[in-house]
1. Here is a check on your reading of the model: is residue 55 under 30 Å from residue 121 (Cα atoms) and modelled with pLDDT of 75 or more?
2. Scan (1) in contact with a strand residue (DSSP E or B) (Cβ under 7 Å, 6 or more places away or on another chain); (2) within 28 Å of residue 56 (Cα to Cα); (3) at pLDDT below 90 for the single condition residue 100 breaks and write down its number.
3. Which one is farthest from residue 89 (Cα to Cα) among residues in region 113-134 that are in contact with a strand residue (DSSP E or B) (Cβ under 8 Å, 6 or more places away or on another chain) and in contact (Cβ under 8 Å) with a residue 40 or more places away in the chain?
4. Among the candidates 81, 62, 76, 50, which residue alone is surrounded by 14 or more Cβ atoms within 10 Å (Cβ to Cβ), modelled with pLDDT of 80 or more and assigned to a helix (DSSP H, G or I)?
5. Restricting attention to region 138-158, report how many residues are touching a residue at least 60 places away in the same chain (Cβ under 8 Å) and assigned to a strand (DSSP E or B).
């Protein structure tokens, strides 16, 4: 077949492996990963750094099982199960031990105390004052002096404790707005 712009069009459209094998590998990998993630992962609202890392590593491991030429489906599922098991073990250690919890997860970062912005903490996370004020507005807080404390939580969300009389004392961004856009 002729090549246009140095592209072998046959290799682009003609499968090199059996179509049935590709469908079978994809099905087995999807169902296997779904089952493993369903068993070992909890639903906790937001995706944290560790969860993102696990997803990226699992995607790479799954690719090996779906590609066909490099690894078997069994090896890929075993690798994914190992990754999920380590992630689950770290979650369990963090849940059962304060030492491991401090080691595995960072603390929420205080951004505002008694209406005063803590600039050094904003700088630490590279959050501009305007971004912080935007988060406050999204939570219905217009006046900075009414903020008792505001935190950047470990999941990237902001939480705000206000001292508004007659209103809820705590406002959180239930829409899931994160610090990283």
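The values are calculated or read from the model by the stated rules, or taken from the named source; none is laboratory data. Please read all numbers here as calculations on a predicted model, not as lab measurements. Because the Cβ atoms are built from the backbone with ideal geometry, glycine has one as well, and the counts that use them run over all protein chains shown.
1. Details: under 30 Å from residue 121 (Cα atoms): yes; modelled with pLDDT of 75 or more: yes.
Yes, satisfied.
2. Checking residue 100 against (1) in contact with a strand residue (DSSP E or B) (Cβ under 7 Å, 6 or more places away or on another chain); (2) within 28 Å of residue 56 (Cα to Cα); (3) at pLDDT below 90, the one that fails is (1).
3. Quick first cut of region 113-134, residues in contact with a strand residue (DSSP E or B) (Cβ under 8 Å, 6 or more places away or on another chain) only: 113-115, 117-118, 121-122, 124-125, 127, 129, 132.
Now narrow it down to the ones that are in contact (Cβ under 8 Å) with a residue 40 or more places away in the chain: 125, 127.
Values: 125: 28, 127: 32 Å.
Of everything passing the filter in region 113-134, 127 is farthest from residue 89 (Cα to Cα).
4. 81
5. Of all residues in region 138-158, those touching a residue at least 60 places away in the same chain (Cβ under 8 Å) come to 154-157.
Filter again for assigned to a strand (DSSP E or B), leaving 157.
Result for region 138-158: 1.
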